[in-house]
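Below: the structure, in structure tokens.
The values are calculated or read from the model by the stated rules, or taken from the named source; none is laboratory data. What you see is a predicted model; the values in this text were computed from it and never measured. Every residue, glycine as well, gets a Cβ built from its backbone with ideal geometry; the counts of neighbours run over all protein chains shown. The accessibility values were calculated without ligands, DNA or RNA, using every heavy atom of the protein model including side chains. Shrake-Rupley method; radii C 1.70, N 1.55, O 1.52, S 1.80 Å.
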Amino acid sequence: MTQTTLPDSFNWCLSTLGCAELDLEASLSLAATYGIGALELRALEDALDLPAYFGQNFGSPEILCKKIAQSKVRIAVLDTSLKLIDSDTQDREAFLKFIPWAEAMGTPYLRVFDGGSATVQGDKSQLDKAAETANWWQKLRAHNGWQVDIAMETHDAICSAKDCLAFEARLDAPCPLIWDAHHTF
């Protein structure tokens with residue numbers, strides 16, 4: 001394959017959801033081949049539990065960081081399965097396992113879902129629960145001095161601009177959004 005270079009004005013990111021069977025090295029190579037400077041890591045070798053995958057394949061965040069540093073491709077986001085609505089203690093503990101890996105790689109965002117029910121959009125209790133989880137995260141992040149932040153993908157209960165604004169109004173700190181256009185329909 002020949003390498004393609006995209007104009008500097010583009011900020012492309014390749015999601016491993018579309019090539020979930022590849023390992024990290026092949027994913028980095030695929031992005032570099034097509035001039036894509038960033039990866040969104042959702043799955044590697046069909047594994048969605050990335051902290052377990054990283055531990056098994058790299059042993060430590062420092063070793064993974066060295067592997068990433070050998071590539072021109074950066075990791076823009078690690079995709080978690082945390083839902084701001086409907087999460088419990090066990091879900092939060094699983095989410096927190098991403099932190100050492102993201103911090104070591106300098107990954108700016110951990111993708112989370114809104115959760116809840118898409119059939120009950122605008123529901124005050126769902127917005128309150130999402131805000132409670134996001135505010136929990138922001139307090140924990142500040143307390144630990146972590147650089148990584150969450151970015152919420154619009155997916156279920158918080159899909160309209162109106163719902164996003166109502167959610168943001170409940171937060172102690174802004175929450176970046178990943179607008180999933182497919183789920184707004």
Count of segment 14-24 residues which are surrounded by fewer than 16 Cβ atoms within 10 Å (Cβ to Cβ) and either of a type in the set (Gly, Ala, Ser) or modelled with pLDDT under 95 (or both)
3
Counting only residues that are of a type in the set (Val, Ile, Thr), under 19 Å from Cys13 (Cβ atoms) and part of a helix (DSSP H, G or I), which one in segment 30-71 is nearest to the chain's Cα centre (by Cα)?
Ile68
Do the conditions hold for Gly145, that is, is it in contact (Cβ under 8 Å) with a residue 12 or more places away in the chain, out of contact with any Leu (no Cβ under 7 Å at 6 or more places or on another chain) and within 30 Å of Phe54 (Cα to Cα)?
no
In segment 102-135, which residues are assigned to a loop (DSSP other than H, G, I, E, B), of a type outside the set (D, E, K, R) and over 14 Å from the mean Cα position of the chain (by Cα)?
Gly115, Gly116, Ser117, Gln121, Gly122
Just the residues that are open to solvent by less than 30 Å² (accessible area, probe 1.4 Å) and under 24 Å from Arg42 (Cβ atoms), please, taken from segment 114-137.
Asp114, Gly115, Gly116, Ala130, Thr133, Ala134, Trp137
Residues of segment 141-182 that turn out to be open to solvent by 30 Å² or more (accessible area, probe 1.4 Å), closer than 23 Å to Glu40 by Cα and not in a loop (DSSP other than H, G, I, E, B), as a count
5
Filter segment 76-109 for residues that are surrounded by fewer than 21 Cβ atoms within 10 Å (Cβ to Cβ) and basic (Lys, Arg); the one that is farthest from Asp123 (Cα to Cα) is Lys97
Picking from Glu153, Glu168, the residue that is without any contact (Cβ under 8 Å) to a residue 60 or more places away in the chain and in contact with a Cys (Cβ under 8 Å, 6 or more places away or on another chain) would be Glu168
Quick one: would you say Ser27 is at pLDDT below 95 and not in a strand (DSSP E or B)?
no
